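A short worksheet on the structure shown next.
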Amino acid sequence: MKWLARIILAITALYATLFTVVFVAMHQTPVRFGQFMKYAPPILVWAALPAEPMWLKARGGKLAVGQEAPDFTLPRQDRSSNVTLSSHRGSRPVVLVFGSYT
C-alpha cells in the first residue's frame with residue numbers, strides 16, 4: 001500500500017510541476033511562449049491541464065473599463081516604420097485589430 005501512496009504522490013508532484021511550468025510560460029511574451037510551446041507536447045498542455053482557464057488568467061491583464069491603455073510601439077504592416085499608441089492620444093480614435101483574415 002505504501003508504494004501506491006508513493007506513486008500517487010509522484011504523479012501529483014509531476015502534475016503540479018507541469019502546471020507551474022506552463023503557467024509561468026503563459027505569463028511570458030507571446031514570442032517566448034511560442035518558443036516554449038514549440039517543444040511542449042500539445043496533449044500535455046491542452047488536454048492534461050485546464051489550459052484555457054490558465055491562459056485567461058495569465059493573459060487577462062489588469063485594465064478596467066475606462067482606464068487608459070498602456071503605451072506600446074508596433075511596426076506598420078508594411079514594416080516601413082513604427083507606430084506608437086501615445087502619439088495618437090487625444091487626436092483621434094484608435095482601433096486595434098488582432099487576428100488573421102485567412
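The values are calculated or read from the model by the stated rules, or taken from the named source; none is laboratory data. Keep in mind the model is a prediction, meaning the values are calculated, not measured. Cβ coordinates were reconstructed from backbone atoms using ideal geometry, including for glycine residues, and neighbour counts include every protein chain displayed. Accessible surface is based on the protein model in full, side chains and every heavy atom, while ligands, DNA and RNA are left aside. Shrake-Rupley method; radii C 1.70, N 1.55, O 1.52, S 1.80 Å.
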Only listed residue being within 13 Å of the chain's Cα centre (by Cα) and open to solvent by 90 Å² or more (accessible area, probe 1.4 Å), chosen from Val31, Val21: Val31
Within segment 79-86, does at least one residue satisfy the condition of being touching an Asp or Glu at 6+ places or on another chain (Cβ under 8 Å), open to solvent by less than 90 Å² (accessible area, probe 1.4 Å) and among the aliphatic types (A, V, I, L, M)? yes
Sole miss for Ala69 among (1) over 19 Å from the mean Cα position of the chain (by Cα); (2) surrounded by 10 or more Cβ atoms within 10 Å (Cβ to Cβ); (3) not acidic (Asp, Glu) is condition (1)
